[in-house]
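Engineer: One structure, pasted below without further comment.
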Amino acid sequence: HVLQKLCFPYFWRDLWFLLKVVRYGVGLELSALTSSVCTVLERFIQQAQRIPDKPFVIFEGGVHTYRDIELRSNRLANVFLQRVVLRKGDCIALLMSNEPDFLCVWFGLAKVGCSVAFLNTNIRSRSLLHCFSSCGAKTLVVGSDLVDSLDGILPSLLEDNIQVWAMTSHSEHPQVHTLLDKIAGASDQPVPVELRATTSLKSPTLYIFTSGTTGLPKAAVITHLQSLKAAAGFWAFGATQEDVMYICLPLYHSAASLIGIGGTIKLGATCILKKKFSASQFWKDCRKHDVTVFQYIGELCRYLCNQPKTDEDKVHKVRMGVGNGLRQDVWREFHSRFGNIQMCEVYGSTEGNLCFMNHVGKIGTVGRSNFFYRFLFKYDLIKYDMVKDEPVTDQNGFCQRVERGETGLLLSKVSATSPFFGYAGSKQLTEKKLMRNVFVKGDAYFNTGDLMAEDQEGFICFRDRVGDTFRWKGENVATTEVTETLGLVDFIQEVNVYGVEIQGHEGRAGMAAMIVRPGHTFDGKKLFEHVLREIPAYARPLFIRLQEEMEMTSTFKQQKFQLVRSGFNPATISDLLYVLDYPQESYIPLTDSIYKSIVAGERKL
């Protein structure tokens, strides 16, 4: 016992946690073999019968019970069948903000056997049109507050025979149909159960768009298997039906929809749903509703720590936070200020086939591995050359594993037990996320694009992202897409987009190195107008660096490593630098004083 405590201090905690997770996974596989798959929707219907009067969603003061959501989703299902004329197997795009009707539409569509594509409410015209073509949706359901966002692309949607239905009672556009007036007169009786029935865990149920590592948004295929695994997250960390969840992340992301809503349904708990996150309102909401569990991204916790201190900082019932991206310094400050809340870090991508869970709660780590985990889930960390932006290989062309404690690129083996379902509409995009012949001929691994390290105790630490993606404001920014959009400006000849670290901020802020076209001059106002119009707020480059020529790798890729490392300090960079300035509606010269105010955290970004 003493030796175990000294040499394997986490042995029993690891074993019990893994047994719990494996038991759940085996249960899923057995249900598939017996053709009795209990999907997230089935679980919700069961809960609506078991606890009909229990609050399921509390939103802007309104309480919606399990029965309320069940009956309203039934009405919508009947409207979808009879008025919208949807059929089992159709894919429907959903463009809605956080609200109870998001869930009602989602469940209503699932009840008639449709798969649902969640659209990011921040995306603009070109990306939005691309989303339809990639997932094959021929119908769009749009929230009442987002109808105006279709202004520029409605003719294109109609031209492509995509019918648009709005959650409104009347429409100014004759070809935008309305749903609210039809719901009122619809039956709340269930539609035939065979419409939603499935015998395969691997059937697609959702498409969630991710920027991945390159280009326009990609429709990650979410199967029943993935959604059921994600729904077990809260339960795996020890949450119960007595807990009250706080969800302020966007529902179009997998964290809020699959882990948050799915997890609430699995437990039969209650969730407080917010339209968007508010740092000043967060703790007031938690006290008002007796919140016990909240979802976060690292940035969210930093915003809370930056709020003015009060005597009530530790007056709450919150006992657990579930999320990712929490920096060590913010984690410690959060604990010091708001109490010893159990922070449960989860690592995984929407489309990935690997998940790490920090069930021990060690600060600064995203997950935990051990002998048992490595036996069940095959992953490896390989050597990666940051300068060449490619894996290091031996004389036979195979990748090389790193030593314990060293940083390497995380790969997850694709197998029957850990399948990779890829992206809708493009086998090429799916194939690009795979690495083949990694250690032996014929093997296949999912490339996470993340640099990680595993310490001697088996804790996994996130180091950085590689390739053409960085993270800012809780969103993945695909540099290729931003590069293409900036390239449309007439005075820009060449552009290289990357992310730079800013002290005190999670992730990386966007920066673009560019060459001005001969005969033209840099126009900060014109660039500002273009960026504001075409690029989502989180993806807009905060800094511009004007260069005479672009550095390239030996394989003719733009060199980002040196640019990232040099940052945005005007005192150490001879190139002209500009910063995005909203009050002046322009990119203005980045001076030493502006730089110092950014580093000091005085300038709003």
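The values are calculated or read from the model by the stated rules, or taken from the named source; none is laboratory data. Computed from a predicted structure; not experimentally measured. Counting neighbours? That spans all protein chains shown, and the Cβs are built from the backbone with ideal geometry, glycine included. Please note that ligands, DNA and RNA were not included when accessible areas were found on the heavy atoms of the full protein model with its side chains. Shrake-Rupley method; radii C 1.70, N 1.55, O 1.52, S 1.80 Å.
Engineer: Do you know the relative contact order of the chain, to the nearest whole percent, from alpha carbon pairs under 8 angstrom that are 6+ apart? Could you put the intermediate results ahead of the total?
Structural biologist: Working: 1164 pairs, mean separation 58.2, N = 605.
Taking the mean separation of contacting Cα pairs over the length of the chain, I get 10 percent.
Engineer: What does the charge count around Leu486 come to, taking other residues whose C-beta lies under 11 Å from its C-beta (Lys +1, Arg +1, Asp -1, Glu -1)?
Structural biologist: Once all neighbours under 11 Å are counted, the net charge is -3.
Engineer: So, R0 is 51 Å and r is the distance between the beta-carbons of Lys138 and Lys5; what FRET efficiency does that work out to, to 0.05?
Structural biologist: For R0 = 51 Å, the calculated efficiency reads 0.25.
Engineer: Moving on to the next point. Calculate the length of the line joining the C-alpha centroid of segment 490-523 to that of segment 390-450, in whole Å.
Structural biologist: 31
Engineer: Related question: With each pseudo-label sitting 7 Å past Cα toward Cβ, what's the Ser125-Tyr582 distance in nm, one decimal?
Structural biologist: Going from the Ser125 label point to the Tyr582 one covers 2.4 nm.
Engineer: Loop-only GluC sites (Glu not before Pro) in segment 136-219, please: DSSP not H, G, I, E or B, and at most 14 other Cβ atoms within 10 Å.
Structural biologist: Of the GluC sites (Glu not before Pro), the ones in loops of segment 136-219 whose Cβ has at most 14 other Cβ atoms within 10 Å are Glu172.
Engineer: Let me ask another. Are there any trypsin sites (Lys or Arg not before Pro) in segment 255-355 that are in a DSSP loop and have at most 14 other Cβ atoms within 10 Å? List them by number.
Structural biologist: Here the sparse-neighbourhood loop sites are Lys275, Lys276, Lys309, Lys314, Lys317.
Engineer: What does the net charge come to around Gln547 if you take all other residues with beta carbon closer than 14 Å to its beta carbon, with K and R at +1 and D and E at -1? It would help to have the intermediate numbers written out before the result.
Structural biologist: Values: positive: Arg517, Arg545, Lys560; negative: Glu494, Glu548, Glu549, Glu551, Asp575.
Residues close to Gln547 contribute a combined charge of -2.
Engineer: Would you mind checking which residues have amide H under 5 Å from Lys413's amide H? H placed 1.01 Å from N; only 5 or more apart, or other chain.
Structural biologist: Amide H neighbours of Lys413: Lys378, Tyr379, Asp380, Phe446.
Engineer: Residue by residue through segment 148-156, what is 3J(HN,Hα) from phi via Karplus (6.51 cos²θ - 1.76 cosθ + 1.60, θ = phi - 60°)? Round to whole Hz and write x for glycine and proline.
Structural biologist: These are the phi-based 3J(HN,Hα) values: 5, 5, 8, 3, x, 10, 4, x, 5 Hz.
Engineer: Can you work out the FRET efficiency for the pair Val193 and Thr34, with r the C-beta to C-beta distance and R0 = 25 Å, to the nearest 0.05?
Structural biologist: So, using R0 = 25 Å, E works out to roughly 0.90.
Engineer: Straight-line reach from Lys111: which aspartates and glutamates have a Cα under 18 Å away, not including same-chain ones fewer than 8 places off?
Structural biologist: Glu42, Asp68, Glu70, Asp90, Asp101, Asp188, Glu194
Engineer: Let me ask something additional. Roughly how many debye, to the nearest 20, is the charge dipole of segment 470-600 about its Cα centre, given +1 on each Lys and Arg Cβ, -1 on each Asp and Glu Cβ, and no other charges?
Structural biologist: Values: 13 positive and 17 negative charges, 55 e Å.
The dipole of segment 470-600 has a size of about 260 debye.
Engineer: Quick one: accessible area per residue over the chain, 1.4 Å probe, rounded to a whole number of Å²?
Structural biologist: For the chain, the per-residue accessible area is 44 Å².
Engineer: Using amide H atoms built in the peptide plane, which far-off residues or other-chain residues are under 5 Å from Met96 H to H?
Structural biologist: Leu119, Gly143
Engineer: Another question about this same structure. Do the alpha carbons of any pairs in Lys54/Lys314; Lys218/Lys309; Lys88/Lys288; Lys138/Lys229 sit beyond 32 Å of each other, and which pairs?
Structural biologist: Numbers: Lys54/Lys314 28 Å; Lys218/Lys309 41 Å; Lys88/Lys288 42 Å; Lys138/Lys229 29 Å.
Listed pairs above 32 Å: Lys218/Lys309; Lys88/Lys288.
Engineer: Between segment 61-138 and segment 156-174, what's the alpha-carbon centroid distance in Å?
Structural biologist: If we compute the Cα centre of each part, the gap is 14 Å.
Engineer: Stretched out fully, how many nm does the piece from Gln241 to Glu333 gain, at 0.36 nm a residue minus the Cα gap?
Structural biologist: Length gained, Gln241 through Glu333: 30.2 nm.
Engineer: Further, regarding this structure: If one computes the Cα centroid of segment 262-295 and of segment 9-25, what distance in Å separates the two points?
Structural biologist: The distance from the Cα centre of segment 262-295 to that of segment 9-25 comes to 28 Å.
Engineer: Per-residue ellipticity at 222 nm for the chain, helices alone: DSSP H runs ≥ 4 residues times -39500 (n - 2.57), over residue total, nearest 500 deg cm²/dmol?
Structural biologist: Calculated mean residue ellipticity at 222 nm is -8500 deg cm²/dmol.
Engineer: List the GluC sites (Glu not before Pro) within segment 393-441 that DSSP assigns to loop and that have no more than 14 neighbouring Cβ atoms inside 10 Å. Please list the in-between numbers first.
Structural biologist: On the way: sites: Glu403, Glu406, Glu431; in loops: Glu403, Glu406.
In loop regions of segment 393-441 (DSSP not H, G, I, E or B), the sparsely surrounded GluC sites (Glu not before Pro) are Glu403, Glu406.
Engineer: Ok, one more. Using only C-alpha positions, report the orientation-averaged shadow area of the convex hull of the chain, nm², one decimal.
Structural biologist: Values: hull surface 119.6 nm².
So the Cα hull casts an average projection of 29.9 nm².
Engineer: Roughly speaking, what is the stretch gain from Lys596 to Val315, that is 0.36 nm per residue apart minus the C-alpha to C-alpha distance, in nm to one decimal? Write down the numbers at each step before the final one.
Structural biologist: On the way: separation 281, 0.36 × 281 = 101.16 nm, distance 3.59 nm.
Difference between extended and current length: 97.6 nm.
Engineer: Would you mind telling me the share, in percent, of accessible area of the chain contributed by carbon and sulfur at probe 1.4 angstrom?
Structural biologist: 52
Engineer: In the chain, if the dipole is taken from +1 on Lys/Arg beta carbons and -1 on Asp/Glu beta carbons about the Cα centre, which of Phe118, Tyr445, Gly325 is farthest to the positive end?
Structural biologist: The residue sitting farthest along the positive end of the dipole is Tyr445.
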